[in-house]
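Since every read-out is calculated from the coordinates, none of them should be taken as a lab result. Please read all numbers here as calculations on a predicted model, not as lab measurements. Don't worry about glycine lacking a Cβ; one is built from the backbone with ideal geometry, like all the others, and counts go over all protein chains shown.
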Amino acid sequence: MPTYTDPPTAADANPIERVLSRIRTKSADLPTPEEVEGFRLAQKLSFSCAQAVAAEMRPGWTEGQTQDWMTSYLHDHGVRTSLHKPIVGFGPRSLAPDAEWFPAKGAGLTLEDNDVAIIDCAPIVNGYAGDVAYTIQVGDVPELTEAMDFLSDLRNRIPGQFTLPETAATIFEWVTGEMEGAGYQNAVNGYHGHILGHRVYRHRPASANFRHYLPTVPFGYKASWHSPGFLLKSIRRALMPELLGPFHTGPKTGVWAIEPHLRVGTKYGVKFEELLVVEDGYAYWLDDTSQKRIVITAGN
C-alpha cells in the first residue's frame with residue numbers, strides 16, 4: 001500500500017530555488033490570441049478524455065486499465081505524445097502519497113463503491129499542451145462533495161491571487177492556509193518538489209510528434225513517464241522559473257497548469273488541474289469544463 005506523511009510535510013527553506021525562480025524565461029511572455037486558442041483546444045481534448053473514461057468506468061476497474069483506456073482514447077484522437085502519461089489514482093493513491101504522484105505500475109488499485117478517482121492527462125495537441133486533472137466519485141460520498149465544493153470556491157478566487165503584487169510564493173502559502181482553515185491538508189506537500197502548478201508551452205513539431213518516453217533503466221521511473229521534449233524544455237528554461245512552489249519569486253505571467261490537491265483526512269484526495277492564463281494585472285481560466293461533476297453509480 002502507498003505510504004504518506006500525515007500531515008504532509010511542508011518544504012524546507014530553499015534559497016537557491018528562490019534565486020533561480022527569479023530568472024525570466026520565454027514562458028513568462030504574454031500569450032498571443034492564437035496561442036491562447038491553441039491551449040484552449042488542447043485543454044478541451046484533455047477534458048473530453050477525462051469525461052469519456054469516467055462514463056465507462058465502473059467499480060472493478062483498475063488504475064492500469066483506466067490509464068490504458070485514456071492512452072488509447074488520446075491516440076485515436078490524433079495525439080502522438082503528452083507532457084506525461086495518464087495518471088490515475090483510486091482510493092489511497094488519491095491522497096498523493098509521499099513523492100508518489102505518478103502513473104500506477106501494473107494493474108494498481110481497484111475502484112470500489114463509495115470510492116474516489118483522480119484522473120490526470122496532458123496531451124500535446126498541435127504543439128500545445130493541455131494538462132488537466134478531474135476528480136470523480138463513486139456513489140454518494142458527502143465528504144467528497146463538500147471537498148469538491150470547497151475546491152470550486154478556491155478555484156474562483158485563485159485568479160485574483162495572481163494579480164496581487166506579492167510574489168508567487170504567497171499563492172502557495174495562501175492555498176495551504178485556505179485548505180488548513182477548512183480542515184483539509186495540502187496534498188501538494190506530498191508531491192516531489194511541492195508543486196502547485198507549472199508553466200505549459202507550445203512545442204515544436206519534432207517534440208510534439210515524438211512518441212517515445214525514456215526507459216526506466218537507467219533514467220528512473222519519474223523520468224520515464226514524462227515526455228523527453230517537456231523535460232528538455234524545462235531544463236533549458238532553468239526549471240525553477242517554470243514551477244509554482246512555496247519559494248517562487250519570479251514573474252507570474254504566462255500560461256500555467258494549476259493543480260490544487262487536498263486531502264480529506266486520511267481517506268481521500270480531491271484535485272483539479274486546468275490552465276490559467278496570467279497577463280499583467282489580469283488572470284483567467286480558459287473555460288469552466290472542470291466544474292462539471294461526474295458521479296459513477298455505485299454497485300454497477
Just how far, in whole angstrom, is segment 29-101 from segment 148-204 if you go by their alpha carbon centroids? 20
Within 12 Å, Cβ to Cβ, of Asp280, how many net charges do the neighbouring residues add up to if Lys/Arg are +1 and Asp/Glu are -1? -1
What does the net charge come to around Ile171 if you take all other residues with beta carbon closer than 11 Å to its beta carbon, with K and R at +1 and D and E at -1? -1
What number comes out for the charge environment of Met57, summing +1 per Lys or Arg and -1 per Asp or Glu over other residues with Cβ under 11 Å away? -2
Förster-model FRET efficiency, 25 Å R0, Asp68 and Asp140, C-beta, rounded to 0.05: 0.30
State, to one decimal in nm, how far the label point of Glu180 lies from the label point of Leu164, with both points 7 Å from Cα in the Cβ direction. 1.5
